[in-house]
Amino acid sequence: IGETNDKLTNLLSGGAPTSLIKQAQQQLRSRVNDYLETLLQPDDLRLRGRALFTGRSVLASGAGLAHDQIGLPEEMAWAFFGPQVATVLGEDAVAQRTFAAEEYLDETISDAWVILHHAPVAEPTALLAFRPVRMLERVVRLPSLACPLLNADFDGDQVAIHLPVTEAGQREARERLSLAGHLTRDPSLLERLTKQDEAIWGLAYHSLTPAGRAEIERVVGIPLAMPDGFLTRRALVQALQPLLAEQGAEVTLTILRNLMQMGFALASTTGFSLSPFVGDSLSLPPAPAVDDEALLQRYQTQIGEQLLAPAEFDDEVGPYRLGMKSGANPEAHLRTLMYILGVPRVATDVQGQTAVVRSGFRNGLTPDDFRKIVPGARTGMGRIWQQWEAHEVVNTEQPYSVKSFNVLARARRVQHPGVVFAQAAATGEIDPLVDEESRLFVGLPV
């Protein structure tokens, strides 16, 4: 860093050309970034000591919310903003939750921003800011538009909610951590925001008719190019990119949210389904009789081309074909359809040897075929673990240390975790027989 800095100083003092100065500045920036990255360890990405959040709850879908709103549980809303209500109306009004207190609470909430953190996502969009909306339930409701950014699959994941208490914190949450703030800094997020498979499928199906295309264009406000004869995810992103540049993130997100809601509604009312019992009407060429991997690969390509060739979508394979061609989820739809039809494929068995699976889900797997595909189901987990090791996210030589302070984390740090669970139950912190994390830790079903 010192040498690069001296070089830049000499260039500046010597009146060097601008191109050389910019090159030296870029080199210095790279050296500083590399140095800072060497100082950052995997443990630095985890919160230490007590968990630093204002509230925590299970994440659930909030399809009716605006792109900048989040559904906040009733009890959490009072815990966050009740003290502000009490300063105006008094403690008794808050304790009794009078009508006036509820009105003032909602008024206070409407001007505030909270920050949602979904671990273990380690990227900028792991922190998203929203305007809270009080809801009479115990879950945190997330707008569907934000789901791809947080990898939210609603399988019981918990999220932490942070309340900025200063004006500067509120302003930074609104300007930098909101969906609009993230999208303004990184326009490429449009690609991820449109990864709504059902919605894209519904819009593609609706755009097959002139009336449907006209309705979609009314929502967007501009004509849409549909060279394939229907709306695709790529065409939608290309149409929204200039809109984002000209009218800004807020307008673009509002349009995108309305489109996604329309697509979800259309997909649920078409009557189509991705049935596992398809293929009776298909006339497929006979599969190779020999277990030659190259020959089977060519056969799979031939079948894929045959499935994608028709331009109609009203046959039994139509929903899959539309999903593949519209970009809703092309690889998964084609792969799933191949598995259903029983197109021969090569798998790796428990001995690590390649084996051919010739039966499909439609007619049922044989016990032999089932044994062949089971190891493949574990391959993805192994690859992820290897990637973590390569990036030193995990250290297999050192015992894993949990640094948070919840009950499960404390139990994992001690030799006798039962004592920790007993103390937590005695103090009313959790009930180990009810808490899901505690039951999973000791091997009980949930």
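The values are calculated or read from the model by the stated rules, or taken from the named source; none is laboratory data. Bear in mind the structure is a predicted one, so any value in this text is a computation, not a measurement. Cβ coordinates were reconstructed from backbone atoms using ideal geometry, including for glycine residues, and neighbour counts include every protein chain displayed.
Brief remarks follow.
- Of the helices (runs of 4 or more DSSP H) contained entirely in the range 283-390, those carrying at least 1 residues that are surrounded by 11 or more Cβ atoms within 10 Å (Cβ to Cβ) and at pLDDT below 75 fall at 330-341, 367-390.
- Arg233 being basic (Lys, Arg) and in contact with a Ser or Thr (Cβ under 8 Å, 6 or more places away or on another chain): yes
Matching residues to (1) part of a strand (DSSP E or B); (2) in the same structural domain as Leu259 (by TED's automatic domain parsing); (3) within 28 Å of Leu190 (Cβ to Cβ):
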{"residue": "Ala100", "(1), (2), (3)": "no, no, no"}
{"residue": "Leu116", "(1), (2), (3)": "yes, no, yes"}
{"residue": "Phe130", "(1), (2), (3)": "yes, no, yes"}
{"residue": "Arg134", "(1), (2), (3)": "yes, no, no"}
{"residue": "Pro148", "(1), (2), (3)": "no, no, yes"}
{"residue": "Asp155", "(1), (2), (3)": "no, no, yes"}
{"residue": "Ile161", "(1), (2), (3)": "yes, no, yes"}
{"residue": "Val165", "(1), (2), (3)": "no, no, no"}
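- Number of the condition not met by Trp201 [criteria: (1) within 19 Å of the chain's Cα centre (by Cα); (2) of a type in the set (A, V, I, L, M, F, W, C); (3) over 27 Å from Gly318 (Cβ atoms)]: (3)
- All of Arg56, Arg46 fail the test of being touching a Lys or Arg at 6+ places or on another chain (Cβ under 6 Å) and modelled with pLDDT under 90, apart from Arg46.
- The range 58-98: number of residues that are in a helix (DSSP H, G or I), closer than 30 Å to Cys147 by Cβ, aliphatic (A, V, I, L, M) and touching a helix residue (DSSP H, G or I) at 6+ places or on another chain (Cβ under 8 Å): 1
- All conditions in (1) buried (at least 18 other Cβ atoms within 10 Å of the Cβ); (2) at pLDDT 90 or above hold for Gln196, with the sole exception of (2).
- Which numbered condition Trp201 misses (of (1) part of a helix (DSSP H, G or I); (2) assigned by TED's automatic domain parsing to the domain that holds Gly62): (2)
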